[in-house]
C-alpha cells in the first residue's frame with residue numbers, strides 16, 4: 001500500500017526539544033489521519049538538528065465512503081434549533097427522518113483522496129505545532145521553532161499538492177550543512193530519502209546517532225587504556241546537536257585534576273558538552289575528554305581537539321579560582337548572606353527556609369536517630385546545608401549545590417557525618433539516585449523535602465496535571481524512598497496536612513506500581529488511617545500476596561457478598577447490633593463460622609500487634625472455608641427474625657474482622 005513521507009526542514013532545532021517534537025509529530029499525524037478514517041500500518045517520526053521527518057506505511061489511496069447519522073433536535077423544538085441543524089447537515093427538512101420524537105439526518109459522504117487529507121493534515125500540523133517556543137520569519141505569520149526552510153511531502157511516490165504561506169511542498173531536501181552535496185537532493189520514498197541523507201552525511205535516526213557516538217567514543221578510549229564516563233543525558237544532547245557525529249579524544253591539562261571531580265565533569269558537560277574519561281585501574285578521572293564533532297575533520301580531529309582543550313583550560317581556570325576563594329570563607333560565615341536570597345515571594349528568604357529546615361530536622365531526630373547518636377550533628381548539618389548557595393562555585397555551577405557544601409565542610413574539618421549530610425541532603429533527586437541512609441544525612445534530607453512540600457502546599461502551589469514547577473512529586477517520592485529504605489517509622493499526620501497526606505498516598509501508588517503492586521491495595525490500606533509508610537508498604541505487599549492466592553480471591557468474593565447483603569438490609573432500616581451467637585438448632589455451617597470468626601479475630605489481632613502482616617493474612621485465610629460453606633448452605637434472610645438478625649450480625653463480624661487488615665471494599669479485583 002502507498003507510503004507517506006514528510007520532512008520539515010528548518011534552521012537548528014534545540015536539542016532539548018527534539019524528542020518531544022518527534023512524539024508530537026507522530027501523535028498529531030495519527031490523530032488527524034484517524035479522524036478521517038485512515039489508519040496506517042506503521043507510523044514513525046524522527047527528529048534531528050535541522051529536520052522533523054514522518055513516515056507512514058500502509059495508507060489507502062483514498063478514504064472510504066462514509067455514512068453518518070446525525071442526531072438533531074426534538075420534534076417541536078424552537079425553529080431556530082431546527083434551522084441550525086439543517087445548515088450543519090446541509091439538508092432540508094423533508095430529508096430528515098423522525099425517530100422516537102427526535103429528528104435525524106442521514107448524510108452520505110464520498111471518500112476523498114488521501115493526498116487531499118494529507119495536505120490538510122500537514123497544514124494543520126504546521127499551524128498548530130506545540131513548540132515550547134516559536135518564532136516567525138520574514139513576512140510569514142507561520143510560527144516555527146526556527147525559520148522553516150522547506151517542506152518535502154510525497155505520497156505513493158508523487159508530490160502532495162500543498163502550499164502553506166510561502167512554502168510549497170516538493171520532493172527536495174538537503175544533506176549535511178557543510179559536508180553534504182551543494183546541490184538539492186531529491187527523494188519520493190523513504191528508502192530514497194534515507195539513502196540520500198546517509199550518502200550526504202546525515203544520520204536520520206537519533207538512536208543510531210547515539211549508538212555511533214557511544215561505540216566510537218569507547219573505541220577511542222580503549223585504544224588509550226581509558227574508560228568513557230557514561231552520561232545518558234549528555235548523550236541525548238550531543239546526539240541532538242550533530243547530524244554526523246564524530247567523537248574526538250582530546251587531552252586536558254593534568255594540573256586541573258586536583259579540582260573535585262564533580263567540578264571537572266560539570267564544567268565539561270555544561271559548558272563544552274564533553275564526556276569525561278577515567279582510568280579504569282584507579283577509577284579516577286584521567287586528563288582527557290571526548291568531544292563530539294559534527295564533521296569528519298581532515299586531520300582526524302587534532303585541530304578540533306587542541307582548540308577544545310584550550311577552551312576547557314580556560315573554564316577550569318575559572319573553576320580553580322572559585323575553588324580557592326570559596327574555601328577562604330567558612331560555611332557558617334555565609335549564612336548571613338542567605339538573608340538576601342529569596343526562596344519564594346510568599347515563603348521568604350533562603351535564611352528563613354534554613355530556620356524551618358533546622359526546626360523540622362530537630363523534630364524528626366527522635367524518629368530517625370537512635371539514642372546513642374548525637375542530635376547536635378543534625379542541627380549543625382541542617383543549618384549549613386544551604387550555605388554553599390552563596391559560594392562562587394555554585395553561582396557558576398548551580399548543579400553542584402550540596403556537593404560543594406560537602407567539600408567545603410570537609411575542608412573545615414567538620415564531622416564526617418555532617419559533611420555527608422550537607423553533601424547528600426538533596427538526594428534522591430530521581431528514581432536512580434541513591435538515598436542517604438546514614439542517620440544524620442537521612443534526617444536533613446527529610447527535613448529539606450518536607451519543608452518544600454509543607455511550604456508550597458501551604459500557599460496552595462500544588463501540582464496540577466503535568467505542571468509541577470517546584471518538583472513536588474519528586475520531593476514526595478524522595479521522602480517515601482528515604483522512609484522506606486531507612487525503615488523510619490514517621491507518623492506523617494504529625495507533620496503534614498490532610499491534602500498533603502493524600503498526595504503522599506498518590507505518590508506511594510506510583511512507587512509501588514513500579515514495583516509491581518496494585519494501586520487499589522494502597523487505597524485499601526490507607527483507608528485504615530495509618531500514616532506510617534513503612535507499615536503501610538508491608539501491609540500492601542502482604543495483602544497483594546494474599547489476594548494472589550485462591551484463598552484470598554475466594555475470601556474477597558465472600559467479603560463483597562457479605563457487604564452487599566449488609567448494604568441492602570441497611571437501606572431497609574438499622575442493622576441489628578451486638579455479637580452473633582451460637583443459636584440452638586442453627587445449621588452447622590452457621591455455628592462453624594461463628595466459632596471461626598472468634599478464633600481468627602484473636603489470631604489476627606495478635607499478628608497485627610507484632611506487625612506480622614503475612615501472618616495476619618494467613619489467619620484470615622482460615623475464614624475462607626467457613627465463609628464459603630455458610631453462603632452455600634445458610635439463608636441469611638430467614639423468615640425467622642431472630643435467625644435473620646443473628647446472621648446479619650455474623651456477616652458484620654466477618655466484615656469487621658477482615659477490616660482489621662485492610663478495607664477490602666477498596667479492592668477492585
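Overall shape of segment 389-430 was characterised from the C-alpha gyration tensor. The equivalent ellipsoid obtained from it has semi-axes of 17, 14, 5 Å, in decreasing order. Just the number, please: Stokes-Einstein D of segment 415-526 in µm²/s, Kirkwood Rh from C-alpha pairs, 37 °C, 0.692 mPa s. The calculation lands on 225 µm²/s. Taking max minus min of the alpha-carbon positions on each principal axis, segment 206-326 gives extents of 44, 28, 28 Å, largest first.
Figure the gain on full extension for residue 464 and residue 342 (residue separation times 0.36 nm, minus the Cα-Cα span) and round it to one decimal in nm.
Working: separation 122, 0.36 × 122 = 43.92 nm, distance 2.41 nm.
Additional length available on full extension: 41.5 nm.
Between residue 106 and residue 166, the simple spin-label model (points 7 angstrom out along Cα→Cβ) gives 5.2 nm. With contributions of -39500 (n - 2.57) from each DSSP H run of at least four residues, the per-residue ellipticity at 222 nm computed over the chain stands at -15500 deg cm²/dmol. For segment 408-442, backbone nitrogen atoms closer than 18 Å to the point 7 Å from residue 373 Cα along Cα-to-C-beta are found at 415-428, 434-442. Any idea how far the Cα center of segment 550-611 sits from the one of segment 435-505, in Å? Result: 39 Å between the Cα centres. Radius of gyration over Kirkwood radius for the chain, both on Cα atoms: the Rg/Rh ratio is 1.08. Rounded to the nearest 0.05, what FRET efficiency do residue 273 and residue 74 give with R0 = 56 Å and r taken as the Cβ-Cβ distance? Could you check? The calculated FRET efficiency here is 0.30. In this calculation the C-beta distance from residue 633 to residue 519 is compared with R0 = 35 Å, giving a FRET efficiency of 0.45. Which translational diffusion coefficient, to the nearest whole µm²/s, is obtained for segment 66-109 from the Stokes-Einstein equation, given a Kirkwood hydrodynamic radius over C-alpha pairs, 4 °C and 1.567 mPa s? Reported coefficient: 125 µm²/s. When both segment 639-667 and segment 127-147 are represented by their alpha-carbon centers, they are found 65 Å apart. Computed over every Cα-Cα pair of segment 457-500 and binned at 10 Å starting from 0, the pair-distance distribution P(r) comes out as 23, 50, 24, 2 percent. Spherically averaged projected area of the convex hull of Cα atoms, segment 580-649: 4.6 nm².
Can you give me the relative contact order of the chain as a percent, contacts being Cα pairs under 8 Å and 6 or more apart? Could the numbers behind the result be given before it?
Numbers: 1037 pairs, mean separation 48.2, N = 669.
Once normalised by length, the contact order is 7 percent.
Computed over the alpha-carbon pairs of segment 1-131, the distance histogram in 5 Å steps reads 2, 9, 17, 15, 11, 10, 10, 9, 8, 6, 3, 1, 0 percent, short to long. Taking 7 Å steps out from each Cα toward its Cβ at residue 501 and residue 39 produces label points 4.8 nm apart. The distance between label points at residue 95 and residue 328 comes to 8.7 nm (points 7 Å beyond Cα on the Cα→Cβ vector). Considering the zone a paramagnetic label at residue 31 would reach in this model (a point 7 Å from Cα along the Cα-to-Cβ line), which residues of segment 89-125 have amide N under 18 Å from it? Counting only backbone N, you get 118-125. Sorted largest first, the principal axis extents computed over the alpha-carbon atoms of segment 351-470 equal 44, 37, 31 Å. Give, as ranges by residue number, the residues of segment 540-557 whose backbone N falls under 13 Å from the point 7 Å along Cα→Cβ of residue 603. Counting only backbone N, you get no residues.
Compute the convex hull volume of the Cα atoms of segment 332-535, divide it by the residue count, and report the result per residue in Å³ as a whole number.
Values: hull volume 25.0 nm³, N = 204.
Taking the convex hull of the Cα positions in segment 332-535, it is 122 Å³ per residue.
May I ask for the Rg/Rh ratio of segment 549-666, computed from Cα atoms with Rh as the Kirkwood radius, given to two decimals?
Values: Rg = 13.8 Å, Rh = 14.4 Å.
On the Cα set of segment 549-666, Rg over Rh gives 0.96.
Want the number for residue 224 to residue 11: 0.36 nm per residue separation, take away the alpha-carbon distance, what's left? Don't skip to the end; give the middle numbers.
On the way: separation 213, 0.36 × 213 = 76.68 nm, distance 3.74 nm.
The residue 224-residue 11 span can extend by a further 72.9 nm.
Coordinate-derived values only; no laboratory data. All figures in this text were calculated on a predicted structure; none of them were measured in a lab. Note that we place each Cβ from the backbone using ideal geometry, even for glycine, and neighbour counts take in every protein chain shown.
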